[in-house]
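Working notes, structure below.
Just so you know, all these numbers are worked out from the coordinates, no wet-lab data involved. Bear in mind the structure is a predicted one, so any value in this text is a computation, not a measurement. Cβ atoms come from the backbone with ideal geometry, glycine included; neighbour counts cover every protein chain shown.
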Number of protein chains: 2
Amino acid sequence: MKDTQISPSEWEVMRVVWTTHPITSKEISRILNEKKDWKLATTKTLIGRLVKKGMLTTAQNGRQYDYSPAVTEDESLKEASGHLLNQVCTRKVGELIEMMIESSTLSIGDLESLENIIQMKKENAPEVVACGCIPGQCTCS
Amino acid sequence: MKDTQISPSEWEVMRVVWTTHPITSKEISRILNEKKDWKLATTKTLIGRLVKKGMLTTAQNGRQYDYSPAVTEDESLKEASGHLLNQVCTRKVGELIEMMIESSTLSIGDLESLENIIQMKKENAPEVVACGCIPGQCTCS
DNA sequence: ATAAATAGTTTACATCTGTAATCGGTAGAT
DNA sequence: ATCTACCGATTACAGATGTAAACTATTTAT
């Protein structure tokens with residue numbers, strides 16, 4: 001139930017570890033060099049912070065560590081998307097998701113999955129979403 | 001085309017101004033008191049920062065200011081959702097959107113709108129989304 | 001006219017983030 | 001047995017963020 005935050009830079013590291021683990025700091029750094037002009041020290045700092053935040057686990061391997069994710073990408077994504085969703089009136093969430101779909105490239109398969117979920121959702125969808133905003137923070141009222 | 005960031009606390013203020021404008025700092029603070037235990041000074045600081053960032057415009061009105069948004073909520077939401085989308089492999093965006101739909105309450109109308117957009121999208125949807133990740137940051141390869 | 005209430009501005013200060021250099025210990029090379 | 005390369009840990013430091021007190025100028029009530 002903790003709500004530790006993964007910063008954007010830290011996220012870059014997490015993505016590497018989610019993709020490959022266990023993995024060493026050296027390897028993480030090597031991979032990220034393709035994308036970020038970070039010194040090895042920078043990557044190590046981020047790794048250290050992620051360990052402290054409990055997002056990475058360590059396994060001693062000789063004089064070094066092997067890192068593995070302590071949280072899944074999906075969990076973290078749920079967290080992150082939750083933050084975004086909380087920034088708008090619940091009644092505006094549909095619009096937000098529309099915007100996201102519009103601005104994304106999605107495959108036929110993706111779109112079909114979405115259709116299915118939407119179909120499901122429709123079974124129990126309310127006529128109108130309740131707005132939980134305080135007066136003055138949205139125009140629903 | 002600049003990329004000034006609206007922080008979570010600042011976002012609370014923006015939502016008030018998006019809802020009602022022009023509006024005074026006093027009124028913004030009064031509205032937010034319902035939700036945040038902020039001192040008037042805190043709200044003023046956030047307003048000041050938003051003005052400096054160019055997210056709010058001011059119009060002198062006697063000894064005080066009337067504030068109005070300099071960016072729309074939709075623009076800002078697009079920005080914010082773009083950040084989220086950029087945190088995952090393009091090929092995983094569909095899954096992310098699925099998660100968001102699943103964890104949200106959407107009205108029949110919302111769902112129908114989404115269906116329409118998806119229908120449109122399907123006309124030009126690729127069989128598979130191209131992955132733009134560097135090797136090691138996603139499992140597509 | 002003076003005092004009290006206000007409005008915005010400046011300053012404050014701890015934490016988080018981005019980015020990195022340096023330190024301290026140890027495994028491997030000579 | 002030393003020296004060197006390398007690992008994680010510690011320290012650094014500026015900018016962003018959360019939260020707010022203090023300051024300055026002005027308006028309004030007494």
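Mind checking the log10 I(q)/I(0) for the range A:88-141 at q = 0.26 Å⁻¹? Debye, one equal scatterer per Cα, no solvent, two decimals. Taking Cα atoms of the range A:88-141 as identical point scatterers yields -1.07. Distance between the pseudo-spin-label points of B:Lys35 and A:Thr24 (7 Å out from Cα toward the beta carbon): 4.9 nm.
The largest-to-smallest principal axis extents of the Cα set in the range B:8-69 are 28, 22, 20 Å.
A Förster distance of 22 Å, applied to the separation of the beta-carbon atoms of A:Lys52 and B:Asn86, puts the FRET efficiency at 0.30. Put a plus charge on the Cβ of each Lys and Arg, a minus charge on the Cβ of each Asp and Glu, and nothing anywhere else: the dipole of the protein assembly as shown about its Cα centre is then about 1720 debye.
Summary for A:Asn116: label point 7 Å along Cα→Cβ; distances to the equivalent points in the other copies, ascending, 2.6 nm. What value does the range B:1-127 have for Rg/Rh, both radii from Cα atoms and Rh as Kirkwood defines it? My calculation puts Rg/Rh at 1.08.
The rotation axis that maps chain A onto chain B passes nearest to the beta carbon of this chain A residue, listed with its distance in whole angstrom: A:Leu84, 3. For B:Thr105, neighbours were defined as the other residues whose beta-carbon sits under 14 Å from its Cβ, and their charges (Lys and Arg +1, Asp and Glu -1) total -1. Simple point charges give the picture: +1 on the Cβ of Lys and Arg, -1 on the Cβ of Asp and Glu, and for chain A a dipole about the Cα centre of about 920 debye. Rounded to 0.05, the FRET efficiency of the B:Cys131 and A:Lys78 pair, given R0 = 35 Å and the Cβ-Cβ distance, is 0.95. For A:Pro8, the label point sits 7 Å beyond Cα toward Cβ; its separations from the matching points on the remaining copies run 1.7 nm, from shortest to longest.
Of the residues B:Leu111, B:Thr19, A:Ile47, the one whose Cα sits farthest toward the positive end of the charge dipole of the protein assembly as shown, with +1 on the Cβ of Lys and Arg and -1 on the Cβ of Asp and Glu, is A:Ile47. Extending 7 Å from the Cα toward the beta-carbon at both B:Ile108 and A:Ser141 defines two label points whose distance is 2.8 nm.
Pair-distance distribution P(r) for the protein assembly as shown, from all Cα-Cα distances in 5 Å bins starting at 0: 1, 5, 11, 13, 14, 14, 13, 12, 9, 5, 2, 1, 0, 0, 0 percent. The alpha carbon convex hull volume per residue for the range A:67-109 rounds to 117 Å³.
Each copy carries a label point for B:Glu98 at 7 Å from Cα along the beta-carbon vector; from one copy to the others these points are 2.4 nm apart, nearest first.
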